[in-house]
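Participant: Attaching a single structure in structure tokens format; questions to follow.
The values are calculated or read from the model by the stated rules, or taken from the named source; none is laboratory data. Here the structure is a predicted model, which is why all the values come from computation and not from measurement. Every residue, glycine among them, receives a Cβ derived from its backbone with ideal geometry; neighbour counts consider all protein chains shown.
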Amino acid sequence: MRIASIDIGTNTILLLIADVNKNGIVNVLHDEQVIARLGKGVDANQIINQETFVRAKDFLIYYKDVCSSFSVEQISAVGTSALRDAHNKIEFINYIKDEVGLSIEILSGDEEAQWTYRGGISNFIGHAEQYSVVDIGGGSTEIITGNSIGILSKVSLDIGSVRITERILKDSPPEISALIEAHEFILSTIPVEQIQTIRSTFTIGVAGTLTTLAALHQQLPEYVPEKIDGYHLTFDDICSMFASLKDKSVEQISAIPQISAGRADIILAGIMILMGFMEKSGLKQITVSDRGLRYGIMLKDIERIFH
């Protein structure tokens, strides 16, 4: 059976198309993402603006056409932090249903954490007895710990790369005082009691901040999933890349081949969240996964379809 999952995040919209059977994902046929910035302004006024409605609609129409070209039998679309927070989320969902013919399920923070975890560890089963998955999104960050069977603990934090950028890192490059404020705010938001055991787990990082850093550290001329998935980044590696970027303008960052234009203005905030998490947990190294929520949603659908 051929199915698709669409992850409508705060910053990106991701599409995964694969052939599946009762045992799982058999063959990935298409994997794509676009920077849609659904969460632009949501942190400040809790509203998705009309310009964003249209931008998201256009991307989703394109994704639906891609699905048609692959003869996809079923599409599941989910929304995360920006849609959870927006007062006009029902209006947005109805608009997409009417204009695109696509139904969107809004995940709770716990649901997002659960299925991000399942997707994140899916390529590393057997590597360890316990895993932790860190998902730095545009609007929120999920930290999940568990084993190959299920989740033991999870937390969804209201710190994300778009949210921190809009709230604190407003200038380009940001003032030193803003970097200090962001660092202190991030550390104060991460609950130490829920992450103190992470050092003893196999820790995986998913989503755009991590995959961008893996590409940047390897100086890849183009994105190669096989070179990203499973790549190890040390805390020192990450601090070094942050130091090289923090004094650059958005335009200068955009000129770096490994950083897409739609991520250039929020990459610093994403790195700072990662650094804050590793600092507070005492983690020295993190393994990058090219998988995440879109894989988890597909695994959820497989369970529902075949079991």
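Participant: Determine which member of the set 78, 26 is without any contact (Cβ under 8 Å) to a residue 24 or more places away in the chain, in a strand (DSSP E or B) and among the β-branched types (Val, Ile, Thr).
Facilitator: 26
Participant: So which helices (runs of 4 or more DSSP H) stay within segment 81-148 end to end and still have 1 or more residues that are touching a residue at least 60 places away in the same chain (Cβ under 8 Å) and over 23 Å from residue 193 (Cα atoms)? Explain how you work it out, then say what you get.
Facilitator: Values: elements: 81-85, 89-100, 109-121.
The qualifying helices (runs of 4 or more DSSP H) are 81-85, 109-121.
Participant: Turning to a different aspect of this structure: Contact list please: Cβ distance under 8 Å, first residue in segment 194-206 and touching a residue at least 12 places away in the same chain (Cβ under 8 Å), second residue polar (S, T, N, Q) and assigned to a loop (DSSP other than H, G, I, E, B), pairs at least six apart or on different chains.
Facilitator: 200/130; 201/130; 202/130; 204/289; 205/289; 206/289
Participant: Further, regarding this structure: Among the candidates 283, 274, 293, single out the residue that is more than 17 Å from residue 173 (Cβ to Cβ) and at pLDDT 95 or above.
Facilitator: Result of the check over 283, 274, 293: 274.
Participant: When residues of segment 187-209 are filtered for being over 24 Å from residue 237 (Cβ atoms) and outside any helix (DSSP H, G or I), how many remain?
Facilitator: Residues flagged as over 24 Å from residue 237 (Cβ atoms) and outside any helix (DSSP H, G or I) within segment 187-209 amount to 1.
Participant: Of all the residues that make up segment 219-236, how many are surrounded by 14 or more Cβ atoms within 10 Å (Cβ to Cβ) and among the polar types (S, T, N, Q)?
Facilitator: 1
Participant: Could you identify the single residue in 144, 61, 90 that is of a type in the set (A, V, I, L, M, F, W, C), at pLDDT 85 or above and in the same structural domain as residue 271 (by TED's automatic domain parsing)? It would help to see each step written out before you state the result.
Facilitator: On the way: 61 fails: in the same structural domain as residue 271 (by TED's automatic domain parsing); 90 fails: in the same structural domain as residue 271 (by TED's automatic domain parsing).
Residue meeting the stated conditions: 144.
Participant: I've got another one for you. Just checking, how many residues over segment 150-186 are loosely packed, with under 15 Cβ neighbours inside 10 Å, part of a helix (DSSP H, G or I) and touching a helix residue (DSSP H, G or I) at 6+ places or on another chain (Cβ under 7 Å)?
Facilitator: 0
Participant: For segment 58-71, check the following and say yes or no: at least one residue is closer than 28 Å to residue 155 by Cα and buried (at least 16 other Cβ atoms within 10 Å of the Cβ).
Facilitator: Within segment 58-71, none of the residues are closer than 28 Å to residue 155 by Cα and buried (at least 16 other Cβ atoms within 10 Å of the Cβ).
Participant: Considering (1) in contact with a Leu (Cβ under 9 Å, 6 or more places away or on another chain); (2) of a type outside the set (Val, Ile, Thr); (3) buried (at least 16 other Cβ atoms within 10 Å of the Cβ), say which one residue 278 fails and leave the rest.
Facilitator: Answer for residue 278: the failing condition is (1).
Participant: Give the residues of segment 233-267 that are part of a loop (DSSP other than H, G, I, E, B) and either farther than 25 Å from residue 13 by Cβ or among the acidic types (Asp, Glu) (or both), sorted by residue number.
Facilitator: Selection gives 246, 247, 248, 249, 265.
Participant: Further question: Report whether or not residue 193 is among the acidic types (Asp, Glu), more than 21 Å from the chain's Cα centre (by Cα) and either at positive phi or not assigned by TED's automatic domain parsing to the domain that holds residue 10 (or both).
Facilitator: Working: among the acidic types (Asp, Glu): yes; more than 21 Å from the chain's Cα centre (by Cα): yes; either at positive phi or not assigned by TED's automatic domain parsing to the domain that holds residue 10 (or both): yes.
It is true that residue 193 is among the acidic types (Asp, Glu), more than 21 Å from the chain's Cα centre (by Cα) and either at positive phi or not assigned by TED's automatic domain parsing to the domain that holds residue 10 (or both).
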